[in-house]
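Asks: Right, I'll just put the structure down here and ask away after.
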Amino acid sequence: MFDTDEAAPPALDSAVFAKLDQTLARQGPAAAIEELCAQLREAGDFNALFYALLMKKRQELGVSPFPAGAATELPPATHEEYENAIRDAGRKVGRLYLDQGDIRKAWFFFNMLGEPEPVREFIKNYQGGPDEDCQPIIEIALYNGVDPARGFGLVLERYGICNAITTFSQHDFSQQPDAKQTCITMLVNALHQQLRERLELDIVSRGDTVPEPTSLRELLRGRDYLFAEDAYHIDTSHLSSVAQMSLELKGGPAIEQAIGLCAYGARLASQFQQEADPPFERTYADYAVLLEVVGGIDVEKGLKHFRDKIEPEFANGSTFPAEVFVNLLIRINRKQEAIEVAKKYLSAEGRPLACPGVYEMCRDAKDYLGLAEAARLRADGVNYLAAKLSARG
């Protein structure tokens with residue numbers, strides 16, 4: 001049931017077997033099974049206790065006492081009762097493992113029952129010391145999806161930003177959008193705090209004063225000396241990764257922090273600037289504009305910034321700026337405008353896009369004539385006629 005590399009379960013003392021024989025002879029099977037359960041609980045062999053509890057129920061039902069016996073051995077009328085016994089035994093043993101702090105073994109039973117809540121509660125209240133191995137908590141919380149945000153928070157807390165960035169990049173959050181937002185926010189917060197602390201130390205060391213309260217952007221204003229001689233204050237690869245991840249933020253205070261990180265990145269020497277294709281050719285500066293739009297700051301100015309990049313790249317055969325712009329419009333709930341941009345620049349594109357496709361958006365908006373036109377441009381007779389028929393009602 002468990003990893004063969006784990007320590008062997010506690011062994012029962014030889015005297016226990018003699019006592020079981022004595023109880024069986026004097027008091028019968030039920031008492032002997034109760035005695036076995038008590039001995040296994042005392043020894044801490046909860047895995048064996050699970051099967052002993054099943055043996056108890058099978059004995060009560062008058063079938064083979066071997067707990068791994070086939071379900072067909074049970075009379076049909078007893079199936080529900082035995083299933084309930086399995087659940088009761090699993091809950092009892094899972095709780096014993098949680099009380100012992102063995103989350104891996106507890107998870108085996110609660111996962112088998114489809115009841116993750118006790119494990120989730122355990123993870124939520126976990127307060128391990130700095131020297132305690134929290135890897136089992138991370139494994140169950142993050143990789144088994146019980147509480148991904150809590151598991152990721154432990155990675156960041158115990159192993160640092162570098163490991164957290166790698167973990168985030170390798171983890172599939174496709175079914176956990178809320179957890180993804182929380183994890184990005186954690187990374188932005190952590191890097192922002194690290195950068196601010198180091199900037200403030202640098203400012204004070206030069207005899208300057210740190211205004212309070214102030215945003216990171218305001219802290220940088222008028223302090224060119226912070227970037228003299230190609231200086232930097234945090235790992236630039238961390239900055240690049242977190243800034244890119246922050247583009248997926250949907251809102252909240254982390255947006256302003258991410259904008260501050262991008263404002264810092266835009267001031268770094270050229271060798272620390274990441275090269276990218278339009279519309280992010282001025283990477284950090286362009287990231288900041290997108291984040292401002294999402295955060296409701298100078299929205300029309302920001303939209304114009306990205307709108308102006310579409311035509312030149314479209315003329316050169318690239319629709320990526322248009323795809324970015326469509327996504328941005330959708331994020332700020334300007335869906336009709338997004339559809340019009342998509343119809344103009346993406347109708348002929350049948351390949352996978354970085355944004356929702358024209359077919360999908362037109363269908364959702366019941367713009368069947370727009371869908372039909374896109375289908376005509378792609379020589380797609382099936383969707384063309386389907387759209388035309390839908391337009392007729």
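Asks: Of the residues that make up region 11-33, is at least one part of a loop (DSSP other than H, G, I, E, B), out of contact with any Ser or Thr (no Cβ under 9 Å at 6 or more places or on another chain), within 30 Å of ILE137 (Cα to Cα) and of a type in the set (A, V, I, L, M)?
Replies: First, the residues of region 11-33 that are part of a loop (DSSP other than H, G, I, E, B): 11-13, 28.
Within this subset, residues satisfying the condition of being out of contact with any Ser or Thr (no Cβ under 9 Å at 6 or more places or on another chain) are 11-13, 28.
In the following step, the residues that additionally are within 30 Å of ILE137 (Cα to Cα) were identified as 11-12.
If we keep only those that are of a type in the set (A, V, I, L, M) as well, we get 11-12.
Yes: region 11-33 contains one or more residues that are part of a loop (DSSP other than H, G, I, E, B), out of contact with any Ser or Thr (no Cβ under 9 Å at 6 or more places or on another chain), within 30 Å of ILE137 (Cα to Cα) and of a type in the set (A, V, I, L, M).
Asks: Also: May I ask you to list pairs of residues, at least six apart or on different chains, whose Cβ atoms are under 8 Å apart, with the first in region 77-96 being without any contact (Cβ under 8 Å) to a residue 12 or more places away in the chain and the second being assigned to a helix (DSSP H, G or I)?
Replies: Cβ pairs passing all conditions: HIS79/ALA71.
Asks: Just give me the residues in region 69-79 being assigned to a helix (DSSP H, G or I) and under 40 Å from the mean Cα position of the chain (by Cα), in sequence order.
Replies: If we filter region 69-79 for residues that are assigned to a helix (DSSP H, G or I), which is where we start, we get 71-73, 76-79.
The answer is ALA71, HIS79.
Asks: I need the full set of residues from region 250-267 which are buried (at least 20 other Cβ atoms within 10 Å of the Cβ) and either more than 20 Å from LYS309 (Cβ to Cβ) or small (Gly, Ala, Ser) (or both), in order please.
Replies: Filtering region 250-267 down to residues buried (at least 20 other Cβ atoms within 10 Å of the Cβ) leaves 254-255, 257-265.
Correct list: ALA254, ILE255, GLN257, ALA258, GLY260, LEU261, ALA263, TYR264, GLY265.
Asks: Moving on. Among (1) under 25 Å from PHE108 (Cα atoms); (2) among the aliphatic types (A, V, I, L, M); (3) surrounded by fewer than 15 Cβ atoms within 10 Å (Cβ to Cβ), where does LEU201 come up short?
Replies: Only one criterion is unmet by LEU201, namely (1).
Asks: Among the residues of region 227-262 satisfying the criterion of being among the charged types (D, E, K, R) and not in a loop (DSSP other than H, G, I, E, B), which is nearest to LYS180 (Cα to Cα)?
Replies: Looking only at region 227-262, we keep the residues that are among the charged types (D, E, K, R), and these are 229-230, 235, 248, 250, 256.
Among the residues that remain, those that are also not in a loop (DSSP other than H, G, I, E, B) are: 229-230, 256.
Values: GLU229: 37, ASP230: 34, GLU256: 18 Å.
So the residue we want is GLU256.
Asks: Looking only at residues that are among the aliphatic types (A, V, I, L, M) and surrounded by fewer than 13 Cβ atoms within 10 Å (Cβ to Cβ) in region 12-37, which one is nearest to LEU96 (Cα to Cα)?
Replies: So in region 12-37, the residues among the aliphatic types (A, V, I, L, M) come out as 12, 15-16, 18, 20, 24-25, 30-33, 36.
Next, only the ones that are surrounded by fewer than 13 Cβ atoms within 10 Å (Cβ to Cβ) stay: 15, 18, 25.
Details: ALA15: 25, ALA18: 26, ALA25: 30 Å.
The extreme case among them is ALA15.
Asks: Take region 265-289 and flag every residue that is touching a Gly at 6+ places or on another chain (Cβ under 7 Å) and in contact (Cβ under 8 Å) with a residue 24 or more places away in the chain.
Replies: Restricting attention to region 265-289, the residues satisfying the condition of being touching a Gly at 6+ places or on another chain (Cβ under 7 Å) are 284, 289.
Once the filter is applied, which keeps residues that are touching a Gly at 6+ places or on another chain (Cβ under 7 Å) and in contact (Cβ under 8 Å) with a residue 24 or more places away in the chain, region 265-289 yields only TYR284.
Asks: Just to be sure, is ILE310 of a type outside the set (S, T, N, Q), within 24 Å of SER390 (Cβ to Cβ), buried (at least 16 other Cβ atoms within 10 Å of the Cβ) and at pLDDT 95 or above?
Replies: Numbers: of a type outside the set (S, T, N, Q): yes; within 24 Å of SER390 (Cβ to Cβ): no; buried (at least 16 other Cβ atoms within 10 Å of the Cβ): yes; at pLDDT 95 or above: yes.
So ILE310 fails the test.
Asks: For region 169-186, what are the residues that are out of contact with any Phe, Trp or Tyr (no Cβ under 7 Å at 6 or more places or on another chain) and either charged (D, E, K, R) or in a helix (DSSP H, G or I) (or both)?
Replies: Here is the first cut: in region 169-186, the ones out of contact with any Phe, Trp or Tyr (no Cβ under 7 Å at 6 or more places or on another chain) are 169-178, 181-182, 184-185.
Answer for region 169-186, where residues must be out of contact with any Phe, Trp or Tyr (no Cβ under 7 Å at 6 or more places or on another chain) and either charged (D, E, K, R) or in a helix (DSSP H, G or I) (or both): SER169, GLN170, ASP172, PRO177, ASP178, GLN181, THR182, ILE184, THR185.
Asks: Taking region 99-109 on its own, how many of its residues are under 24 Å from the mean Cα position of the chain (by Cα) and either in a helix (DSSP H, G or I) or among the hydroxyl-bearing types (Ser, Thr, Tyr) (or both)?
Replies: Matching residues across region 99-109 total 7.
Asks: Any residue in region 170-181 that's without any contact (Cβ under 8 Å) to a residue 60 or more places away in the chain: show its pairings with residues that are buried (at least 18 other Cβ atoms within 10 Å of the Cβ) and not hydrophobic (A, V, I, L, M, F, W, C) at Cβ separation under 6 Å, as long as the two are six or more apart or on different chains.
Replies: PHE173/LYS180; GLN176/PRO148; ALA179/PRO148
Asks: Within region 204-226, which residues are in a helix (DSSP H, G or I) and within 18 Å of LEU191 (Cα to Cα)?
Replies: Filtering region 204-226 down to residues in a helix (DSSP H, G or I) leaves 204-205, 216-220, 224-226.
Passing the criteria: LEU216, ARG217, GLU218, LEU219, LEU220, LEU226.
Asks: Cβ-Cβ below 6 Å, separation at least six or inter-chain, first residue in region 213-229 and within 12 Å of GLU200 (Cα to Cα), second surrounded by fewer than 10 Cβ atoms within 10 Å (Cβ to Cβ) and aliphatic (A, V, I, L, M): which pairs?
Replies: Between residues of region 213-229 that are within 12 Å of GLU200 (Cα to Cα) and residues that are surrounded by fewer than 10 Cβ atoms within 10 Å (Cβ to Cβ) and aliphatic (A, V, I, L, M), there is no close pair.
Asks: Has region 151-172 got at least one residue that is in contact with a Lys or Arg (Cβ under 7 Å, 6 or more places away or on another chain) and not hydroxyl-bearing (Ser, Thr, Tyr)?
Replies: Scanning region 151-172, I find no residue that is in contact with a Lys or Arg (Cβ under 7 Å, 6 or more places away or on another chain) and not hydroxyl-bearing (Ser, Thr, Tyr), so the answer is no.
Asks: Sticking with this one: Those residues that are crowded, with 18+ Cβ neighbours inside 10 Å and either hydroxyl-bearing (Ser, Thr, Tyr) or touching a Lys or Arg at 6+ places or on another chain (Cβ under 8 Å) (or both), I need them from region 274-288; list them, please.
Replies: If the condition is that a residue be crowded, with 18+ Cβ neighbours inside 10 Å and either hydroxyl-bearing (Ser, Thr, Tyr) or touching a Lys or Arg at 6+ places or on another chain (Cβ under 8 Å) (or both), then PRO279, THR283, TYR284, TYR287 are the ones that fit.
Asks: Mind checking which pairs have a first residue in region 367-379 that is within 14 Å of GLU349 (Cα to Cα) and a second that is of a type in the set (S, T, N, Q) and assigned to a helix (DSSP H, G or I), Cβ under 7 Å, 6 or more apart or different chains?
Replies: Close Cβ pairs satisfying both conditions: LEU371/ASN383; ALA375/ASN383.
Asks: Find the residue count for region 276-301, including only residues that are outside any helix (DSSP H, G or I) and either in contact with a Pro (Cβ under 7 Å, 6 or more places away or on another chain) or among the basic types (Lys, Arg) (or both). Talk me through it step by step, then tell me what you get.
Replies: Of region 276-301, the ones outside any helix (DSSP H, G or I) are 276-282, 295-298.
Going one step further and asking which of them are either in contact with a Pro (Cβ under 7 Å, 6 or more places away or on another chain) or among the basic types (Lys, Arg) (or both), we end up with 278-279, 282.
Here the count works out to 3.
Asks: Which residues, counting only those in region 48-68, are part of a helix (DSSP H, G or I), within 13 Å of ILE86 (Cα to Cα) and of a type outside the set (Ser, Thr, Tyr)?
Replies: Of region 48-68, the ones part of a helix (DSSP H, G or I) are 48-61.
Filter again for within 13 Å of ILE86 (Cα to Cα), leaving 49-58.
Correct list: LEU49, PHE50, ALA52, LEU53, LEU54, MET55, LYS56, LYS57, ARG58.
Asks: Taking interchain pairs and intrachain pairs at least six residues apart, which have beta carbon atoms under 7 angstrom, with the first residue in region 316-335 and crowded, with 16+ Cβ neighbours inside 10 Å and the second hydroxyl-bearing (Ser, Thr, Tyr)?
Replies: That search, which allows pairs on different chains as well, returns THR319/TYR345; ALA322/TYR345.
The values are calculated or read from the model by the stated rules, or taken from the named source; none is laboratory data. Since the model is a prediction, treat every value here as computed from it, not as a measurement. No Cβ is skipped: glycine too gets one built from the backbone with ideal geometry, and neighbour counts run over all protein chains shown.
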